[in-house]
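**Student:** Attaching a single structure in structure tokens format; questions to follow.
The values are calculated or read from the model by the stated rules, or taken from the named source; none is laboratory data. As the structure is a prediction and not an experimental result, all values here were calculated from the model. Every residue, glycine as well, gets a Cβ built from its backbone with ideal geometry; the counts of neighbours run over all protein chains shown. In case anyone asks, the SASA skips ligands and DNA or RNA and just uses the protein heavy atoms, side chains included. Shrake-Rupley method; radii C 1.70, N 1.55, O 1.52, S 1.80 Å.
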Amino acid sequence: MSLQRWIGGVFRSLFRKAEQDEDLDEELRSCLDMLVEEKVRAGMSPAEAERRARIELGGEEQVKEDVRERRLGAGLDALLQDVRYALRSLRKNVGITTVSALILAVGIGANTALFSTVHSVLVRSLPFPHPDRLVIGLKTMNGEMSGPVSRVDYFDYRERSRSFERLAALTTFVEQHTVTGDGDPELVEASYVTWNLFPTLGVVPVRGRSFLPEEEARGGASSVIISYGYWQRRFGGADDAVGATLTLDGTPFTVVGVMPRGFRFMFDADVWQLIDRNGPFDTQRDSHSHWVVGRLAPGVSIDQAQADVDGISRALAEEYPESNTGKALLLADLHGYLVRNVRTSLLLLMGTTVLVLLIACANVAGLLLARGERRRSEMAMRVALGAPRHRLLRQLLTESVLLAVGAAILGIMVAFLFQDLLLRLLPTGELGARPPGANTAVLAFTLLLSVATGLLVGIVPAFRSTTVEPGRRLKAESRTTPDVRSGRFRSGLVVLQVALSVTLLVGSGLLIRSLARLSTVQLGFDPENLLTGQVQIQVPDYPTPVQRDQFYASLLEEVEALPGVQRAALANKLPLLSRWQDWSVWPVGKPPALPNQGLSAMARWVTPGYFRTLGIPVLAGRDFAGTDVLGSPCVVVVSRSVAGELFPGSSPIGRQVRIGDWRNFEIVGVVEDARLNMLRRQPDAAMYMSAAQMAPARMQIAIRTTGNPDLLVRPIQQLLRQKDPNVLFARPRPMAGVIGEELAGFRAIMLSLILFACIAVCLAAIGIYGVLAYYVSQRKGELGVRLAMGASEADLVRMILKRGLVLVGLGLALGLAAAYPGTLVVGQLLFETRLLDPVSYVAASVALGLVAVLACYLPARRAARSDVADVLRAE
């Protein structure tokens, strides 16, 4: 088709409405002229005849409406006729129809599932009233994002700001408590909040009430709110749960409310407790462990609120220069902050599924193009009988759209499978978001996607099939030369599929390399055969530090006496299980020149033998001893990076350091750095203090075993039950399982991308096979003549393989060139892996190359084994 004819078709479509109105006017004038002529012959004057004719017609607008109704009815009849014919045609070619529908169903289903999840997580608002007015407050130091906010600073912001309807706070962690009383001890997770958090979010308890301001003022020691799930689990959903007593770690609390079903904010919590404003926890302004959540006052923008809190930050810096110099509060959209961890992953998977859909469309377009070549005689006959080209185009596009709509119905079932997988794999829990479902937006997206897919896969085959010259086509003999332009287009589709597939394979390879590096990263401790768990004691049963120390010491002795235990130790926070808690440290007599610019290190308190139990190498000095108890000189073991930062070029053993402007400690040992918080971060600077000198109430236990750690869970539980029935051994897990959970989110993204890449490679292989199989079927006569003239089977195999591998080579070249810009988004997820990683590129090329060779070889081998006599006889 010439460019001029294409442009003409576009303009005819653009002005079709105007042409239809003009046709209506012409038809109206024709009817009016007939009536006028008839009345003039009856003896009326022309003017009177026209007047009466217009009256009989009922006015021009009525006539136009009648004509439009007739045309609409005719159009609907024609559309129904096209649909019926399309259904017969698709049923007649059930093989191509089934294969095409399955291919498109995978692409449409994957895109629908991802769109539903993206819409629910990134687009749909938080499930709270007026979510656009909700903001989160984050601490900044000297303009750099730093994270949680000081509890003391929060109360100053709350009392001084004028831009918020409410300003609330909650701790950045959940606390584990043991519930005692009725039945066996039970572990629950509690989140600490200010009294106004739930009113700030706009959430009302389904039973009872929320916290009251006066409860926070007096410490809130007697009130808790429970989750809907815990209400059902502990109280069976009884109404008298409100007002019931819940004993947490030996302290009685009164249940004052029950939160709605499914409510979740930041954490999974069974119980919410009030932050004690006057309590001993986090009383220092340089201790930061709270999120600040605010609801903007009506008419106040986030920029206005930011200016308000900036003024408060400057005032606090002047009042408390030792802790607040350079410190500020940054306000950010709450929804945007909560989706920060999944935005990149979701958009990456969404882009991947779009590529898979494009590959599927290219594959189906190739099938329809090959089918269209066989229907050119049919199209020529219909043209010869007077069918206009736009009528044939509409018919063929109706078939492709119906095919895509049918694929979409299958795709919805595929979408539910993908969506369930996504909800299990992606870390979307922070949002408290409603689970994705088949809402109006998702159904509209699926419908539009299926129609667009049908048009995309059908438009080129439709135009190619209807570009015929009836006379020439009907006179053609059975042995015809294949359409060169059509063959080039099908070959181009194969090149496109290969290019997109290799891009996905490169991205998958990069993630696999990153996972391999993460799995073998140096942790700084030995996770093998290491059992971990939480030891929950009832503080009222062990009220003094000495009693708690004696209990923990005897517990370690009894655990180490169990068969299969090599050694055991306790810590307030084990690596990867409990994170953060960083304190500032500096050499005694050498405080930092400026506030908040000293060294911060992770603070941990541990029992003697902790480093040996975890396999953390002691580089200098000694481990803690039984003499490092309350009343003895305070000692600390620091990690290598802390020692190098505080005392570069000299031994730190015996030197004095100040920790958190709290007390002086003597350094008695240096150990290797370890990854305490996250696998993807560098090893953490840390300082370890004697647990006996810190007098903790709760501890985590690490047990080095000779065999499977899981086999020791039951004996330890029985030991604790005999020792103290109210002590709970909670959440026992092997450290290897903890590391596996750390890798779970990254592994989910990697497996999803690999899955889609494999689907893409399979579709590309099908496309290569289909093009070569069609090429062979169109050249049976030529191949038979070649065999008859003495060509060997190997010659034919090489000829066909060459054609296929040329297409694959072009696709590989384009795909490798596009891989770097196409995988830039993956760079945010990589760990110690470059985007231009040669291993990933070579592996992707080899993998796709092997699949492509197989896809090329099968039709080539089948063609080479054709019987010469049968081929020539058919010709």
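**Student:** Under a 1.4 Å probe, what is the accessible area of segment 624-767 per residue, stated in Å²?
**Tutor:** Normalised by residue count, the accessible surface of segment 624-767 is 40 Å².
**Student:** Could you give the distance between the Cα centres of segment 236-258 and segment 662-728, to the whole Å?
**Tutor:** 32 Å
**Student:** At 1.4 Å probe size, what's the solvent-accessible area of residue 397? Round to the nearest 10 Å².
**Tutor:** Rounded to the nearest 10, that gives 40 Å².
**Student:** I've got another one for you. Determine the sum of side-chain charges near residue 709: Lys and Arg each +1, Asp and Glu each -1, restricted to other residues whose C-beta is under 14 angstrom from that of residue 709.
**Tutor:** That sum, taken over residues with Cβ under 14 Å, equals +2.
**Student:** Carbon and sulfur together cover what percent of the accessible area of segment 604-707 at a 1.4 Å probe radius?
**Tutor:** 51 percent
**Student:** Lys and Arg at +1, Asp and Glu at -1: add these up for the other residues within a Cβ distance under 9 Å of residue 521 and post the number.
**Tutor:** +2
**Student:** Continuing with this model, one more query. Summarise the accessible area of segment 122-161 (1.4 Å probe, protein heavy atoms) by the percent that is carbon and sulfur.
**Tutor:** 50 percent
**Student:** Pop out the carbon and sulfur fraction of the accessible area of segment 169-311 as a percent, whole number, probe 1.4 Å.
**Tutor:** 50 percent
**Student:** Is segment 263-362 best put as rounded, prolate or oblate by its Cα gyration tensor, with a ≥ b ≥ c the root eigenvalues, rounded for a/c under 1.5, and otherwise prolate when a/b is larger than b/c, oblate when not?
**Tutor:** Judged from the Cα gyration tensor, segment 263-362 comes out prolate (a/c at least 1.5, a/b above b/c).
**Student:** Then there's this: Let me know the shape class of segment 689-730, please: from the alpha-carbon gyration tensor, a ≥ b ≥ c as square roots of the eigenvalues, rounded when a/c is under 1.5, otherwise prolate if a/b is greater than b/c, or oblate.
**Tutor:** oblate
**Student:** Report the net charge of residues surrounding residue 532, where surrounding means a beta-carbon distance below 9 angstrom and charges are Lys +1, Arg +1, Asp -1, Glu -1.
**Tutor:** +2
**Student:** Under the classification rounded if a/c is under 1.5, otherwise prolate if a/b is larger than b/c and oblate if not, where does segment 629-692 fall, given a ≥ b ≥ c as square roots of the Cα gyration tensor eigenvalues?
**Tutor:** oblate
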